[in-house]
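For reference, the structure is listed below as structure tokens.
Read-outs: derived from the displayed coordinates by stated rules, not from any lab. Every value quoted in this text rests on a predicted model; they were computed, and no experiment measured them. As a convention, Cβ positions derive from the backbone with ideal geometry for all residues, glycine included, and neighbour counts pool all protein chains shown.
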Amino acid sequence: MRRPLVAGNWKMNGSLESIKSLLDGVKAGMSDVKQAEVAVCAPAIYLPAVQQQLQGSDIAWGGQDVSAEASGAYTGEISTSMLKEFGCKYAIVGHSERRAYHAESDDTVARKYAAARAAGLIPILCVGETLEEREKGITESVVARQMDALINLEGVAALADGVIAYEPVWAIGTGMTASPEQAQEVHAFIRGRVAALDAGVAEGLRILYGGSMKPGNAQELIAKPDIDGGLIGGAALDAGDFLGICTAAN
Ligand code: PEP
């Protein structure tokens, strides 16, 4: 039985003041969350404040990206040990915005995943196709290529310690959600690809859906057999909406 995970990705949003009231709101509603594990991925500079507010709560936190390098001359980067030092449990790697705006390749993302895993963080590997790729009918080969970069580098066992988030790029921040059937189809493909290599790893692997998930569509999505929660952008910035998604997994 896989425990659902609902992880917020705040992206480059918030202020000390707004995250305080957001987290106060989420904490206040956590008694209604019966099933899901809840996490928030904050801008790195706010992680100390998030740690202070969430320490001792049922909410985990994480980074939105992490360097594949341990330390050194990598201006602007954040290392795995830095995330660990501020209590992070999770690190998102390969978000489509990192791939698109920072030219992160599948290999770079795989190296980030490996570094996060080696440091004892739980990496959340984002995969997903653009609208053009979906229209060309190559969704599965794109997702396979993104997964295989990791599997070729680290072996399928690497997925025993991580999470995959299927995020169709055309659904992120656009209000266009994949239908539960469309999402389930790709989630089943992902799990099947892992199962072909290791059935046990596939069975335990949490595969989140991301892309305009809201309280109004979360329940239908999470009810699908291969959808184990969500990676939430916009709706994670509002405590009521975020909790509405967290309780949809009850
Ligand atoms: C995301 O950024 O991972 C995401 C899914 O965003 P949104 O929920 O806003 O589509």
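Hey, which of these cross-link pairs are over 26 Å Cα-Cα: Lys20/Lys214; Lys11/Lys214; Lys11/Lys89; Lys84/Lys112; Lys84/Lys224?
Working: Lys20/Lys214 22 Å; Lys11/Lys214 17 Å; Lys11/Lys89 17 Å; Lys84/Lys112 14 Å; Lys84/Lys224 33 Å.
Result: Lys84/Lys224 exceed 26 Å.
Find the centroid of the Cα atoms in region 1-54 and in region 189-250, then give the distance between the two in whole Å.
16
Provide the percentage of antiparallel DSSP beta bridges, counting only those with both residues in region 5-248; round to the nearest 5.
0
Just from the alpha-carbon atoms, what are the Rg and Dmax of the chain in angstroms?
16.7, 48
Quick check on region 139-250: take the gyration tensor over C-alpha atoms, sort the square-rooted eigenvalues as a ≥ b ≥ c, and tell me if it's rounded (a/c under 1.5), prolate or oblate.
Taking the square roots of the gyration eigenvalues as a ≥ b ≥ c, region 139-250 is prolate.
Once the dipole of the chain is set up with Lys and Arg at +1 and Asp and Glu at -1 on Cβ about the Cα centre, which of Asn13, Met213, Val40 lies farthest towards its positive end?
The residue sitting most towards the positive pole is Val40.
Order these peptides, 33-42, 93-102, by their mean beta-carbon neighbour count within 10 angstrom, highest first.
Details: 33-42: 21.5, 93-102: 19.5.
Sorting 33-42, 93-102 by mean packing, highest first, produces 33-42, 93-102.
Tell me which of Ala68, Cys88, His187 sits at the most positive position along the dipole axis of the chain, charges placed on C-beta atoms (Lys, Arg +1; Asp, Glu -1).
Cys88
In whole Hz, what ³J(HN,Hα) sequence does region 125-135 give by Karplus (6.51, -1.76, 1.60; θ = phi - 60°), x for Gly and Pro?
These are the phi-based 3J(HN,Hα) values: 8, 8, 9, x, 9, 7, 4, 4, 5, 4, 5 Hz.
Express the C-alpha Rg of region 54-125 as a ratio against the empirical globular expectation 2.2 N^0.38 Å, rounded to two decimals.
Against the empirical 2.2 N^0.38 Å value, I get 1.08 for region 54-125.
Ordered by packing density, taken as the mean number of other Cβ atoms within 10 Å over each peptide's residues, highest first, how do 196-209, 122-135 rank?
Put in order of decreasing packing, that is 122-135, 196-209.
Highest first, please rank the peptides 167-176, 238-247 by the mean number of other Cβ atoms sitting within 10 Å of their residues.
Final packing ranking: 238-247, 167-176.
What dipole magnitude, in Debye to the nearest 20, does the chain give about its Cα centre under +1 on Lys/Arg Cβ and -1 on Asp/Glu Cβ? Spell out each step's value before the answer.
Details: 21 positive and 31 negative charges, 80 e Å.
Taking the Cα centre of the chain as origin, the dipole is about 380 debye.
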